[in-house]
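First the structure, in the form of structure tokens, and then the observations on it.
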């Protein structure tokens, strides 16, 4: 069975994407471009450094992104490069990355709610933005069509 654009629209899957993306950015201490790039890379299952660079073209320039994502454990090596058989290393989204992406999808699909307690990164209401996002999260949770 193939999913069509109208299936996605009817499900309202992108209705709260901005709220969820902002929550993920704060919760996982990543840039929004990093999150979207990791979603893209995860959909490839396995990728090379060249494919990473190709996927990165549409995002803001960050020459340290590759090393930062690897050091922080978002990208892991699936197969090391060796001179005999493999001309280049092959990478995959790490378990940690796959867990984050699965959680984003579950929240967008309405299978899981965003945290509303002190574990929520906006909970402390330190700024106006925090208060606005707390309201958006509460509205999202209360939405009967979600």
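No value in this document is a laboratory result; all are computed from the given coordinates. Computed from a predicted structure; not experimentally measured. Methodologically, a virtual Cβ is constructed for each residue, glycine included, from the backbone with ideal geometry; neighbour enumeration extends over all protein chains shown.
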Against the longest alpha carbon principal axis of the chain, how many degrees, from 0 to 90 and to the nearest 10, is the axis of helix 32-44 turned? 60 degrees
What FRET efficiency, computed as 1/(1 + (r/R0)^6) with R0 = 25 Å and r the Cβ-Cβ distance, is obtained for residue 131 and residue 102, rounded to the nearest 0.05? 0.30
Region 5-142 - Rg and Dmax from Cα coordinates, angstrom: 17.2, 58
Per the helix-only calculation at 222 nm, which mean residue ellipticity applies to the chain, given -39500 (n - 2.57) for every DSSP H run of n ≥ 4 and division by its residues, nearest 500 deg cm²/dmol? -16000 deg cm²/dmol
What whole number of Å gives the distance from the Cα centroid of region 14-81 to the Cα centroid of region 88-113? 11 Å
With each label point set 7 Å from Cα along the Cα-Cβ vector, what nm distance links residue 71 and residue 10? 4.8 nm
What percent does the relative contact order of region 5-142 come to when contacts are Cα pairs within less than 8 Å and at least six residues apart? 24 percent
Does anyone have the angle between helix 95-109 and the longest principal axis of the chain? Alpha-carbon axes, 0 to 90°, nearest 10? 30 degrees
